[in-house]
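Asks: Quick one: structure below, then a few questions.
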Amino acid sequence: MKVTELKIEYRENPIGLDVVKPRFSWKLVSKEQNVLQEAYRIVVSKGGVDLWDTGINESSNSVLIQYEGPELAPLSLYEVKVEVWDNKGNQGLVQGTFETGLLGGTNFSAEWITHEFPEEETACPVFVKEFSVKKTIERVRVYATSLGVYEIKINGEKLGDTFFAPGWTSYKNRLQYQTYQADRILQEKNKIEITVGNGWYKGIFGFTCTPNHYGDRVAALAEIHITYTDGTSEIIKTDESWKVTTGSIRSSEIYMGETIDSCYKNEKLEEVVSTSYKMENIIAQESEPVRITEKLPAKELIITPKEEKVIDFGQNLTGFVEVKVKGKVGQRITIKHAEVLDKEGNFYPDTLRKAISVDQYVCNGEEQTFLPHFTFHGFRYISIEGLEDIQLENFTACVLHTEMEETGTFISSNPLVNQLQSNIQWSQRGNFLDIPSDCPQRDERLGWTGDAQVFAGTAAYNHNVALFFTKWLHDVASEQTEEFGVPHVVPNILGDQDGAAAWSDAAVIIPWVIYETYGDVRILEEQYESMKGWVEYITSKCGSNGLWQTGFQYGDWLALDKEESADRTGATDKYLVANAYYAYSTNILRKAAEVLNKAEDIKKYSELYQKVKKAFNEEYITATGRLVSETQTGCVLALYFDLAEEKYRNRILEALETNIANHKNHLSTGFVGTPYLCHALTENNLHDLAGTIFLKEDYPSWLYSVKKGATTIWERWNSILPNGDFDTSGMNSLNHYAYGSIGEWMYRRLAGINQLQPGYKKILIKPQFIKGITSIDATFNSVYGEIKSSWSCKDNVIKVAIEIPANTTAILYLPEKEQPIEIGSGIYQYEYETETRLEIEKFTFDTTLQEILNEPLAIELFNQYAPELMGHPMIEFAYQLSVSEVLANAPTESATLFKMVIDALNKSNNEVGAI
Ligand code: RAM
């Protein structure tokens with residue numbers, strides 16, 4: 001047995017940690033089966049002196065064990081040693097360190113500095129200080145933050161490899177500072193430069209594209225702590241002795257892009273002026289920083305019909321492009337960004353709306369590498385102006401996001417499903433850039449609470465999102481008020497608006513996801529008042545019938561069942577949605593009260609939950625079991641949130657089935673219904689139907705976008721129409737993770753990886769087959785270690801391979817076997833015979849014409865055997881009809897033609913291994 005991955009507040013050997021009671025986690029790795037931890041001992045010491053020793057503690061806890069020793073001192077290094085004993089007689093040891101930060105913003109002794117440039121100045125200020133060092137250095141730490149986004153250089157070298165510090169928080173309440181190691185950078189004579197971009201603080205942001213959301217002047221705060229080998233120390237800090245100038249960054253806006261003029265020289269140093277910010281609001285960085293996590297080479301140079309020079313990176317992503325160039329002095333290169341080309345193949349930046357995203361570089365005649373500092377773009381394509389000779393190897397796309405650990409993989413036998421999984425992951429990466437944003441490209445990029453809420457479950461499979469959401473949830477709580485509840489976007493730059501269902505519920509739902517995924521009780525403690533505040537807010541809005549039926553709601557946002565709806569809120573009764581969430585959140589709050597042992601609240605919210613459920617049934621379900629909105633989302637909420645009384649459930653389930661059948665087995669759900677649709681079906685013995693909807697390839701479906709070439713999740717089911725036109729509502733992002741919320745169902749139901757106890761201390765493995773997928777390999781790296789679930793069902797043989805990490809146990813339901821098996825940690829393999837066949841004849845006479853014509857091979861065959869059919873104007877109208885419907889009014893010989901095409905398609909489909 002080995003003990004590995006000692007994590008301190010989810011991080012390895014963190015520095016700049018301001019958590020007063022850090023928590024320790026480790027993993028046990030063993031080749032033996034049924035391994036459990038029997039005891040642990042943690043010793044925390046400082047400078048070799050033990051401060052806290054738990055002694056040998058007989059416990060199987062190995063996750064998030066809280067430090068209970070003497071108060072930690074700021075700016076200090078602590079050593080941590082964890083010894084572990086397992087039930088097999090083995091012993092293991094893991095060690096690490098953590099270094100505290102300033103332990104509170106008021107411990108900064110530096111002063112805030114800013115500039116007095118005229119308002120029209122767009123260049124980023126560069127705050128400068130020169131200083132010399134005489135003695136031998138042992139250690140250098142830099143603590144810094146800014147109003148705006150900043151970058152620090154010492155002697156020309158950038159500190160750290162992160163971007164967009166200090167990150168976006170609710171600046172009026174919270175501002176993060178960062179800690180940098182700079183031990184080897186200082187020389188005898190030193191120059192420190194802090195460049196500050198407008199960022200979210202002062203920059204142009206929001207639908208209105210207006211600046212100054214938090215202030216009209218950027219500022220900096222920094223301290224360089226130098227410890228010398230002789231034991232003495234010194235602090236260089238921002239104060240009025242610093243100077244300010246401007247450098248090569250002539251303008252920079254997150255939405256608009258950056259202009260760098262490398263010919264620009266400014267020798268003029270001006271005086272800085274001091275400014276202030278509430279020091280109590282300054283906190284250490286809470287989440288992982290933003291980094292370049294991947295670099296993608298340019299794939300193809302395209303000269304478009306409009307003669308634009310365009311590079312395709314093959315993937316819609318968030319970040320920017322690094323450009324290597326040797327231009328003439330003064331030569332200006334312009335890089336524009338777009339997610340997509342239009343159907344003629346021209347550059348199509350319209351999905352960006354007013355966020356023009358243009359980077360410009362002025363060359364100085366030398367070999368240069370340009371990349372922007374304070375802007376990011378959502379793009380797959382760039383267009384290049386001002387450069388004659390374009391060499392692909394000189395352009396590299398840099399992928400930027402919060403650097404979360406990857407925790408999930410999902411691979412199936414179906415390549416389209418695999419592309420969907422890739423699209424979900426890319427949309428997560430693209431929109432987890434410091435805050436959970438709706439989209440990364442247009443003049444929005446806001447922390448929409450609803451989007452984050454519906455996607456959180458999926459996100460927590462793909463990446464470790466504990467710190468990412470902890471930081472953001474702190475902002476949620478800090479922006480929440482009694483009067484308005486929880487804002488629709490956090491950080492809130494849209495102003496006061498009454499809270500809305502499914503959006504504001506993020507305050508309750510996401511802490512619960514974090515608790516369940518990581519066994520993190522502290523998040524519930526920290527967010528409890530916020531969770532409770534939201535439920536209480538709803539209660540305060542309820543009428544005498546105990547229901548929330550007033551005010552603005554987003555309903556089932558972008559649902560297709562009311563496509564013409566001016567307000568985009570779908571056909572499901574908006575207040576039905578609101579009250580469904582009211583009950584759902586109240587129940588989560590009750591469960592949180594149980595975890596935290598809050599006796600009074602347990603009683604209060606159990607009663608409230610029952611009351612809301614009862615009122616919901618009275619108001620929204622008739623005495624004979626008909627639901628007011630028999631939409632897919634209406635039925636799904638009544639079932640999946642367990643709202644409908646037992647006696648009504650069957651009727652509602654039938655209504656759901658009928659609705660789905662009326663849509664020819666397609667979904668019509670929006671943001672609210674989509675995450676739960678397949679879950680509701682699976683849980684109610686309609687897993688096959690869930691599988692059918694999931695594997696639909698024609699509009700509207702998840703795989704429709706995949707077949708249209710999507711590399712990220714689209715905002716709308718119809719972002720790109722079957723004929724290649726774009727949705728023109730003015731709201732059409734091609735990188736919007738909300739509909740990627742199906743990912744949770746893929747992991748939980750298809751791969752069958754579920755938690756039975758918080759943090760996956762006890763695991764449920766229950767893979768469920770669907771026709772059209774013959775194998776799945778999935779992994780989830782839990783806080784205890786990696787869980788694996790893979791299965792295949794081919795040629796009448798089922799094979800299952802499972803891995804359960806040490807110090808956990810699991811219940812395994814093998815497909816087609818009645819009895820669950822209780823297992824401990826280890827690797828398990830099963831093989832048995834079955835009658836089941838999961839291969840499907842994908843194309844039948846029930847397939848729609850559109851789905852068939854999506855296949856290039858079908859078009860080829862039709863062109864060959866019935867060219868007159870292809871040109872026929874009626875074909876457009878028949879798109880949504882099935883083959884048999886089309887044939888009902890067609891000459892009999894057409895059936896033979898269709899049969900031939902269908903057989904050929906099924907054959908080719910099997911040959912490429914698509915099923
Ligand atoms: C759009 C956003 C987001 C959604 C809101 C209601 O502007 O892109 O996805 O949550 O509207």
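Asks: Go through segment 381-406 and give me each residue that's under 30 Å from E697 (Cα atoms) and open to solvent by 10 Å² or more (accessible area, probe 1.4 Å).
Replies: Those that are under 30 Å from E697 (Cα atoms) and open to solvent by 10 Å² or more (accessible area, probe 1.4 Å): Y381, E406.
Asks: Could you go through segment 558-567 and let me know if any residue there is closer than 15 Å to K613 by Cα and open to solvent by 40 Å² or more (accessible area, probe 1.4 Å).
Replies: no
Asks: Okay, next question. Given the criteria in contact with a strand residue (DSSP E or B) (Cβ under 7 Å, 6 or more places away or on another chain) and open to solvent by less than 40 Å² (accessible area, probe 1.4 Å), does I621 qualify? Give the derivation first.
Replies: Values: in contact with a strand residue (DSSP E or B) (Cβ under 7 Å, 6 or more places away or on another chain): yes; open to solvent by less than 40 Å² (accessible area, probe 1.4 Å): yes.
Yes: the conditions hold for I621.
Asks: Now for a different question. Quick one: how many residues across segment 775-784 are open to solvent by 10 Å² or more (accessible area, probe 1.4 Å) and either in contact with a helix residue (DSSP H, G or I) (Cβ under 6 Å, 6 or more places away or on another chain) or not in a strand (DSSP E or B) (or both)?
Replies: Residues flagged as open to solvent by 10 Å² or more (accessible area, probe 1.4 Å) and either in contact with a helix residue (DSSP H, G or I) (Cβ under 6 Å, 6 or more places away or on another chain) or not in a strand (DSSP E or B) (or both) within segment 775-784 amount to 2.
Asks: Can you spot a residue in segment 219-239 that is under 21 Å from N198 (Cβ atoms), touching a Lys or Arg at 6+ places or on another chain (Cβ under 6 Å) and touching a residue at least 60 places away in the same chain (Cβ under 8 Å)?
Replies: Kept after step one, since they are under 21 Å from N198 (Cβ atoms), are these residues of segment 219-239: 219-222, 238.
Restricting the remaining residues to those that are touching a Lys or Arg at 6+ places or on another chain (Cβ under 6 Å) gives none.
No - not one qualifying residue is present in segment 219-239.
Asks: OK, next. Among A858, A904, A895, A866, which is without any contact (Cβ under 8 Å) to a residue 12 or more places away in the chain and open to solvent by less than 40 Å² (accessible area, probe 1.4 Å)? Working first, answer last.
Replies: Working: A858 fails: without any contact (Cβ under 8 Å) to a residue 12 or more places away in the chain; A904 fails: without any contact (Cβ under 8 Å) to a residue 12 or more places away in the chain; A866 fails: without any contact (Cβ under 8 Å) to a residue 12 or more places away in the chain.
Every option except A895 fails the conditions.
Asks: Let me ask something additional. Which one of K336, K354 is under 30 Å from L721 (Cβ atoms), outside the structural domain of S248 (by TED's automatic domain parsing) and part of a loop (DSSP other than H, G, I, E, B)?
Replies: Answer to the selection: K354.
Asks: Now for a separate question. For G167, indicate whether it is within 18 Å of E121 (Cα to Cα), buried (at least 23 other Cβ atoms within 10 Å of the Cβ) and assigned by TED's automatic domain parsing to the domain that holds F117.
Replies: Spelling it out, it is not the case that G167 is within 18 Å of E121 (Cα to Cα), buried (at least 23 other Cβ atoms within 10 Å of the Cβ) and assigned by TED's automatic domain parsing to the domain that holds F117.
Asks: Something else: With free of Cβ contacts under 8 Å to residues at least 60 places away in the same chain, in contact with a Lys or Arg (Cβ under 8 Å, 6 or more places away or on another chain) and surrounded by 18 or more Cβ atoms within 10 Å (Cβ to Cβ) as the only criterion, which of Y704, Y676 stands out?
Replies: Values: Y676 fails: in contact with a Lys or Arg (Cβ under 8 Å, 6 or more places away or on another chain).
Unique residue meeting the criteria: Y704.
Yes or no, residue by residue, for (1) within 16 Å of the ligand (Cβ to nearest atom); (2) open to solvent by 30 Å² or more (accessible area, probe 1.4 Å); (3) under 20 Å from E32 (Cα atoms):
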| position | (1), (2), (3) |
| --- | --- |
| G752 | no, no, no |
| K762 | no, yes, yes |
| E786 | no, yes, yes |
| Q819 | no, yes, no |
| E822 | no, yes, yes |
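For (1) in contact with an Asp or Glu (Cβ under 9 Å, 6 or more places away or on another chain); (2) within 16 Å of the ligand (Cβ to nearest atom), each residue gets a yes or a no:
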site	(1), (2)
G408	no, no
P415	no, no
S422	no, no
Q428	no, yes
E483	yes, no
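Asks: Moving on. Please verify whether W512 is closer than 23 Å to K21 by Cα and either part of a helix (DSSP H, G or I) or among the basic types (K, R) (or both), treating the condition exactly as stated.
Replies: For W512, the condition - closer than 23 Å to K21 by Cα and either part of a helix (DSSP H, G or I) or among the basic types (K, R) (or both) - is met.
Asks: While we're looking at this one, here's another question. If K265 satisfies every condition in (1) touching a residue at least 40 places away in the same chain (Cβ under 8 Å); (2) under 29 Å from G330 (Cα atoms) but one, which is the exception?
Replies: With respect to (1) touching a residue at least 40 places away in the same chain (Cβ under 8 Å); (2) under 29 Å from G330 (Cα atoms), K265 is out only on (1).
Asks: Looking at N665 and the list (1) closer than 25 Å to L881 by Cα; (2) open to solvent by less than 10 Å² (accessible area, probe 1.4 Å); (3) not β-branched (V, I, T), which single condition is not satisfied?
Replies: (2)
Asks: May I pose another question? Whether any residue in segment 564-574 is assigned by TED's automatic domain parsing to the domain that holds S701, touching a residue at least 40 places away in the same chain (Cβ under 8 Å) and away from the ligand (no atom under 16 Å from the Cβ) is what I want to check.
Replies: Yes, segment 564-574 contains at least one residue that is assigned by TED's automatic domain parsing to the domain that holds S701, touching a residue at least 40 places away in the same chain (Cβ under 8 Å) and away from the ligand (no atom under 16 Å from the Cβ).
The values are calculated or read from the model by the stated rules, or taken from the named source; none is laboratory data. Everything numeric in this text was worked out from a predicted model, so none of it was measured. Cβ: placed from backbone, ideal geometry, glycine included. Neighbour counts: every protein chain shown. For the accessible areas, the whole protein counts, side chains as well, though only heavy atoms, and no ligand, DNA or RNA atoms are used. Shrake-Rupley method; radii C 1.70, N 1.55, O 1.52, S 1.80 Å.
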